Each structure stands twice: as C-alpha cells, then as structure tokens.
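Comments concern the structure below.
Read-outs: derived from the displayed coordinates by stated rules, not from any lab. This one's a predicted model, so the numbers in the text were calculated from it and none came from an experiment. Note that we place each Cβ from the backbone using ideal geometry, even for glycine, and neighbour counts take in every protein chain shown.
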Amino acid sequence: MYKRQDIDTQIVVAGAGYSGLHVAQRLGRWLSRRSNARLTLIDQHHYHELVTELPRVATGTREEEATHIGLEAVLPDQVNFMQTAVTEIRPAERLVETASGDVKYSHLVLALGSTPNDFQIPGLSERALYPYTSDGARGVWEAVNLSVRRAAEASDPDERQRLMTLVVGGGGPTGVEIAAGFAEELPELASRYGVPPDLCRTVLIEAGDSILPGASPALVQRASEILQELHVAVRTGAVIIGATKEGLRVRGGELVRGGVFVWAGGVKGPQILARSGLPTGTNGRLEVDRYLRVLDHLEIFAAGDAALVIDPDTGRVLAPLAQTALEEAANVAHNLPAAVEGKPLRPFRFHDKGFVVSVGSRKGVAAVAGLTIGGRLAHALKDAIEWEYRQSVKHLRGWGAA
Ligand SMILES: Cc1cc2nc3c(=O)[nH]c(=O)nc-3n(C[C@H](O)[C@H](O)[C@H](O)COP(=O)(O)OP(=O)(O)OC[C@H]3O[C@@H](n4cnc5c(N)ncnc54)[C@H](O)[C@@H]3O)c2cc1C
C-alpha cells in the first residue's frame with residue numbers, strides 16, 4: 001500500500017473502449033514497476049462494449065449482453081477502475097469532473113469515443129434510431145419488431161407497405177452491414193407475424209456516388225452485388241435533407257417512406273470535448289501532434305475516435321475505426337511512460353491491416369494485402385477478426401509496455 005503523498009504520477013484514462021481499455025491493459029506491467037504511479041480508468045459502464053458487433057444486435061442475430069466484456073476480469077491488478085460518467089474536462093486545473101466527484105491527474109488519456117453525427121438534418125434526431133451503443137442497437141431491433149407487428153394489424157395496404165420498409169441512412173460499413181442484416185432477417189419476422197414476406201423492403205440511402213466511400217471500385221462492385229442478391233434497394237447520390245414521421249426526404253423532394261429509420265451516417269467527437277476548450281478540428285475531434293498529445297497540452301494524450309490523427313503517409317485523416325483506435329492505444333501506451341520518465345517519444349505510424357465488411361450472415365467483402373475478396377471467405381475473415389479481438393482482450397490482462 002502506498003501513501004498518497006508518494007504518488008507523483010496520477011494517470012487518468014477516460015473511456016474503456018477499444019483505445020482506453022488497451023492503454024490501461026498495456027500499462028499494467030509498467031505500473032507494477034512504478035510504485036509512485038497510479039492509473040485510474042473511468043467509464044460509465046462496468047463492461048467493455050464490442051461496438052464492431054453491434055450491427056448484429058441491431059439486426060436481431062446477437063443478444064446485447066453478448067457484446068459486453070466485464071472490465072473487472074480483464075483489467076490488470078494495478079489499474080484502479082471507476083464506474084462513473086465523466087461530465088467535464090478542466091485542463092487548466094488538470095482535473096476530470098465526474099458524477100462521483102473530481103479526479104485530479106498529472107497525465108490524462110482522452111479515449112471517450114464518438115457520438116452520432118446527424119449533420120443537424122431537420123427531424124432526424126427525433127425520427128431516426130442510432131445503433132452506436134448496445135442499447136441503441138437493441139432499440140433498433142425492437143423498433144423493427146414493433147413495425148412488423150403494426151403492419152400485421154394494419155388494414156390499409158399503403159400503410160402496411162410503409163411499415164414493412166426499413167430505411168438505413170449512410171452507406172458506409174455500418175450502414176451496409178445493417179441493411180444486409182435487415183434484408184435477411186425481415187422475411188422470417190414477417191412470416192412469424194403472418195405478414196406476406198413479399199412486402200419486406202430494405203432501402204439503403206447514401207449521399208455519395210457509391211456505397212463504402214473510399215473503398216476500391218472492385219470491392220464496392222462486389223458488395224453491391226451481394227446487396228442486390230439480398231434485395232436491398234441501394235440509392236446512391238441521394239442526400240437526406242429531412243425526416244418526417246412517414247419517411248426520409250431526399251434532395252429533389254422525394255420522400256422515401258418507411259416504418260423504421262436507422263442513421264449510420266457518421267460520427268463526431270463528444271460534446272464534452274467541445275466544452276473542454278481543448279483544440280478540436282474536423283467533426284469535433286481533438287487535434288493532436290505526431291506523438292498523439294493534444295496540441296498545447298503535452299500532458300494530455302488522445303486516442304481512438306476522439307482523436308483527429310493525420311496519416312503522415314497519405315496526408316488524410318484516419319477513419320474512426322477500431323483498428324485505428326488499437327494502434328493509437330499501443331502508441332500512447334509507449335509514449336505516456338516515456339513522457340513520465342523523460343525518454344524519447346515515438347511518432348505514431350499507422351499500419352493499415354485492411355478492410356473487412358460483412359454483408360449479411362454468410363457473405364462479405366474484404367481488401368487485405370492488396371487483394372479484394374468477396375463472398376464467404378470475407379465473412380469468415382470478419383468472424384475471425386471478432387474472435388481474435390475477444391481473445392486479445394483477455395490475453396492483454398497483465399501485458400505491459402516493456
Ligand atoms: C455500429 C458500429 C459498427 C462498427 N464496426 C466496425 C468494424 O467492423 N471495424 C472497425 O474497425 N470499426 C468499426 N466501428 C468503429 C469502431 O467501433 C470505433 O472506431 C471504436 O469503437 C473507437 O474506439 P474508441 O476507444 O475511440 O471509442 P469506444 O470504443 O466507443 O469507447 C468509448 C468509451 O468511452 C465511454 N464513455 C463515453 N463517454 C463517456 C462519459 N461521458 N463518461 C464515461 N464514459 C464514457 C464509453 O462507455 C466507451 O466505453 C464500428 C462502429 C459502429 C458504431
């Protein structure tokens with residue numbers, strides 16, 4: 001047991017998602033050698049949420065609880081965990097305000113993830129569902145069930161068709177995964193409620209010229225083919241400008257009618273970061289230097305969706321992905337102890353491991369090692385990545401920065 005005054009390094013990691021949990025896990029061994037350093041990990045939940053598996057929850061093929069990993073079982077003994085909500089960051093006082101009181105820090109890691117970005121489209125926040133958390137994803141599947149139940153009771157054919165139409169806004173990986181899952185699951189749900197399966201419709205709306213923006217034309221083509229096999233109606237170049245009770249309005253005036261609207265159109269930094277006075281850039285993400293320290297605040301590191309990291313090789317902002325979050329976490333877990341000990345920091349370098357998207361429960365698309373793969377192999381790859389990630393979370397307990 002150390003006396004409080006012996007501790008001169010108070011590290012606080014805010015957020016136990018892909019980046020924050022991994023920073024905490026990787027610092028376990030270093031902490032065991034530093035009797036004067038303490039690390040407190042703060043999260044609103046007592047579990048780590050497997051966000052990349054949420055499309056399965058939103059489409060009724062996985063239970064919400066199956067996407068939770070209890071933190072207690074995977075945290076190194078040296079990490080002090082606080083389950084509470086972070087309410088403010090006060091950099092000038094080196095203090096994190098939480099629902100359970102203030103927590104002082106000498107070094108802070110901001111890993112609070114992101115929130116849905118609805119680009120302030122009128123009506124969207126009231127009408128659309130956001131599958132970005134496990135309860136949000138569960139809510140999507142509950143809404144689908146309710147819509148089908150109402151369709152079963154509706155006597156007006158137009159209203160029946162509207163209720164049996166599921167509309168997904170945003171044709172990135174999350175939108176594609178959810179639309180494909182809907183198209184697969186809806187017919188079975190319809191027959192359970194006695195609704196003719198030929199009324200099932202799934203529409204995927206994307207503002208850009210193609211789905212999966214940034215992916216190669218070959219990959220987009222393959223994903224589009226699989227969506228077509230599943231009877232997903234893909235609408236590209238369709239900019240959503242409003243939402244009503246009946247449907248999503250696209251530029252040009254057309255109303256895409258539906259019973260459930262899901263928004264998968266992107267993310268932005270949490271409001272708490274905007275309020276902190278720390279420098280933020282595109283989409284409210286924190287501006288960082290090449291060592292992932294927040295600009296002008298060298299004692300604060302940022303990682304994951306919250307950080308605006310520019311890939312020095314391409315000059316582009318890195319996409320908010322789990323893969324990116326994990327690599328950034330590894331870098332922070334190296335640089336933070338180095339900063340404490342006055343050793344040289346390591347610039348962050350992104351190593352792209354590829355891109356995998358499941359399109360339904362059997363097929364997928366992947367771009368790995370310069371190859372484009374489509375079909376069952378790509379889906380198996382996605383399953384393998386999820387399995388491997390779960391194993392790594394357990395394995396990393398007791399791992400540490402050397
Ligand atoms: C539906 C969906 C599917 C996705 N699929 C993929 C995929 O297949 N592959 C991929 O690479 N990426 C995918 N992503 C992106 C990936 O999940 C994110 O990039 C990743 O989760 C970012 O990690 P993070 O650590 O920044 O944030 P998160 O993992 O979101 O963690 C943030 C943590 O902060 C906590 N937190 C937030 N605010 C507070 C607060 N005020 N107080 C206390 N705690 C707080 C949260 O509880 C959470 O534990 C997907 C995202 C979504 C939404």
**Message:** Check which residues have an amide H placed less than 5 Å from Ile241's amide H, if you skip close sequence neighbours.
**Reply:** Arg249, Val250, Arg251
**Request:** Taking H placed 1.01 Å from N in the peptide plane, check which residues at least 5 places from Phe301 or on another chain put their amide H under 5 Å from its amide H.
**Result:** Leu108, Val109, Leu110, Val294
**Mean-position separation - Cα centroids, segment 21-64 and segment 100-151, in angstrom** = 18
**Asked** Hey, what did the chain get for relative contact order, percent, Cα under 8 Å, at least 6 apart?
**Response** 19
**Request:** Might you report the magnitude of the Cβ-based charge dipole of segment 142-204 about its Cα centre, with Lys and Arg at +1 and Asp and Glu at -1, to the nearest 20 debye?
**Result:** 80
**Message:** For the ranges 107-120, 72-85, what's the packing order if you count other beta-carbon atoms within 10 Å of each residue, average per peptide, and put the highest first?
**Reply:** 107-120, 72-85
**Request:** Name the residue, out of Gly28, Gly172, Gly208, whose mean-square fluctuation peaks in a Gaussian network model built on the chain with Cα pairs under 10 Å.
**Result:** Gly208
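Add -39500 (n - 2.57) for each DSSP H run of 4 or more in the chain, then divide by its residues: what number comes out at 222 nm, to the nearest 500 deg cm²/dmol?
-10000 deg cm²/dmol
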**Fill in**
antiparallel share of DSSP beta bridges within segment 164-277, to nearest 5, in %, is 30
**Message:** Can you tally the lysine pairs in the chain where the Cα-Cα distance is under 22 Å and the two residues are eight or more apart, or on different chains?
**Reply:** 6
**Segments 13-22, 62-71, 321-330 sorted - mean Cβ within 10 Å per residue, highest first** = 13-22, 321-330, 62-71
**Asked** Glu65 versus Ile7, label points 7 Å from Cα toward the beta carbon: distance in nm?
**Response** 3.4
**Asked** In whole Hz, what ³J(HN,Hα) sequence does segment 160-165 give by Karplus (6.51, -1.76, 1.60; θ = phi - 60°), x for Gly and Pro?
**Response** 4, 5, 4, 5, 8, 10
**Request:** Taking the Cα centre of segment 124-263 as origin, sum charge times position over the Cβ atoms of Lys and Arg (+1) and Asp and Glu (-1), and report the length of that vector in debye to the nearest 20.
**Result:** 280
**Complete:** Charge dipole of the chain built from unit charges on the beta carbon (Lys, Arg +1; Asp, Glu -1), centred at mean Cα; most positive-end Cα among Ala223, Thr324, Val262 is Thr324
**Asked** Under a point-charge model restricted to the Cβ atoms of Lys and Arg (+1) and Asp and Glu (-1), what is the dipole moment magnitude of the chain relative to its Cα centre, in debye to the nearest 20?
**Response** 680
**Item:** Within the chain, percent of DSSP bridges classed antiparallel, to nearest 5
**Value:** 50
**Item:** Distance in nm between pseudo-label sites at Asp135 and Ala92 (7 Å out along the Cβ direction from Cα)
**Value:** 3.4
**Prompt:** Rounded, prolate or oblate: which fits segment 1-124, taking a ≥ b ≥ c as square roots of the Cα gyration tensor eigenvalues, rounded meaning a/c under 1.5, else prolate when a/b beats b/c?
**Reply:** oblate
**Residues whose placed amide H lies under 5 Å from that of Arg285, excluding near-sequence neighbours** = Gly269
**Item:** Part-to-part distance (alpha-carbon centres) for segment 329-402 and segment 191-211, which is given in Å
**Value:** 32
**Request:** Pop out the ³J(HN,Hα) list for segment 86-101 in order, Karplus 6.51 cos²θ - 1.76 cosθ + 1.60 with θ = phi - 60°, rounded to Hz; leave Gly and Pro as x.
**Result:** 6, 10, 8, 10, 10, x, 4, 9, 6, 9, 10, 8, 10, 5, 9, x
**Lys/Arg +1, Asp/Glu -1 at C-beta; the chain dipole; positive extreme among Asn36, Val168, Val365** = Asn36
**Message:** Sort Ile211, Ile226, Ile272 by Cβ crowding within 10 Å, fewest neighbours at the top.
**Reply:** Ile272, Ile226, Ile211
